[in-house]
1. Heavy-atom accessible area per residue, the chain, 1.4 Å probe: how many Å²?
2. Based on Cβ point charges of +1 for Lys and Arg and -1 for Asp and Glu, what charge dipole magnitude is obtained for the chain about its Cα centre, in debye rounded to the nearest 20?
3. In region 52-97, carbon and sulfur make up what percent of the accessible area (probe 1.4 Å)?
4. Identify unpaired cysteines across the chain, taking unpaired to mean no other cysteine Cβ lies under 4.7 Å from the residue's Cβ.
5. Mean 1/r over all different Cα pairs, inverted: what Kirkwood radius does region 1-149 give, in Å?
6. Out of the total accessible area of region 1-44 (probe 1.4 Å, heavy atoms of protein only), what percent is carbon and sulfur?
7. Mind listing the Cα extents of the chain along all three principal axes, in Å, largest one first?
8. As a test of the definition: which semi-axes, in Å, follow for region 157-201 when you take the square root of five times each eigenvalue of its alpha carbon gyration tensor? Largest first, please.
Amino acid sequence: MPEGDTIYGAARRIRAALVGKEIASIETPHARFARDRWPERLSGRAVHAVDSRGKHLFIRFDGDLTLHSHLRMSGWWGVYERGRRWGRSPSRAWLVIRTDRHEVVQFGGPVLELMTDSRSRFDHRIARLGPDVLAEEFDEAAFLRRLREDDQSRGLGDALLDQRNVCGIGNLWKAEGCFVAGLDPWRRLAEVSDEEALTAVHAVRPLMLRSAEGGGHVREPMVFERHGRPCPRCGGTIRARGQGDDNRTTYWCPGCQA
Ligand SMILES: [Zn+2]
């Protein structure tokens, strides 16, 4: 599942391909967009910005129109040189933006919508997001405020996954962040100090940035999906168990995460 680092990296590649470039064509091959007339509505408009917030991605066109995307579990962004073979089946393409040199393709979704720029900033799904773990300056105060407003009986790992507390961290980086910080993901928020909560976020941020550099592919997890194997720090056995209302599997080492 794409997490914040994947989207951050995709935004950077899409930005390089589209901003300041002449858009040759825009297509929406999927039937669900047949009546939306995006090709006509976006025709002749340049892309002036591409940005991400957590797992949301925005392609901003001149004239106050923004494409908003969220890939959820199965979607994918591809940026290809013209003529290169796409990494996924063309039958799954929802959006294709072409320039002289590149094809930018969103495969699957499920969220792809065209909205005004201002709505993209105030839409409730976006406005309620917590501070972005990959923002140039992470807003520690806002993160701690939201964390303390949350249910303090909640486990730290579960709380870090909630995009209203901090956005961009998914299941992989939740597990890795708790591990690097030496914190038990099951510890209740009431028993986690502000300093410890910040340690988990600061632990994960450089790893996510490095992963984004590698297009979201450079990931060598220390505990994620390594249950039953030895912990790289203490040699204990890594465990796995579902956590929170969504029962997302968390991975941790009981030997060195307290
Ligand atoms: Zn360990």
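1. Details: 12330 Å² over 258 residues.
Result: 48 Å² of accessible area for each residue.
2. It works out to roughly 920 debye.
3. It is 46 percent, rounded to a whole number.
4. Lone cysteines by the Cβ rule: 167, 178.
5. Across region 1-149, the inverse of the average 1/r is 16.0 Å.
6. Answer for region 1-44: carbon and sulfur cover 46 percent of the accessible area.
7. Sorted from largest, the Cα extents of the chain read 58, 37, 30 Å.
8. Values: eigenvalues 42, 28, 17 Å².
Calculated on Cα positions only, the semi-axes equal 14, 12, 9 Å.
The values are calculated or read from the model by the stated rules, or taken from the named source; none is laboratory data. In this text the structure is predicted, and so the values were computed from the model without any measurement. With ideal geometry, Cβ positions are generated from the backbone for all residues, glycine too; neighbour counts draw on all protein chains shown. For accessibility, only protein heavy atoms count, side chains too; no ligands or nucleic acids. Shrake-Rupley method; radii C 1.70, N 1.55, O 1.52, S 1.80 Å.
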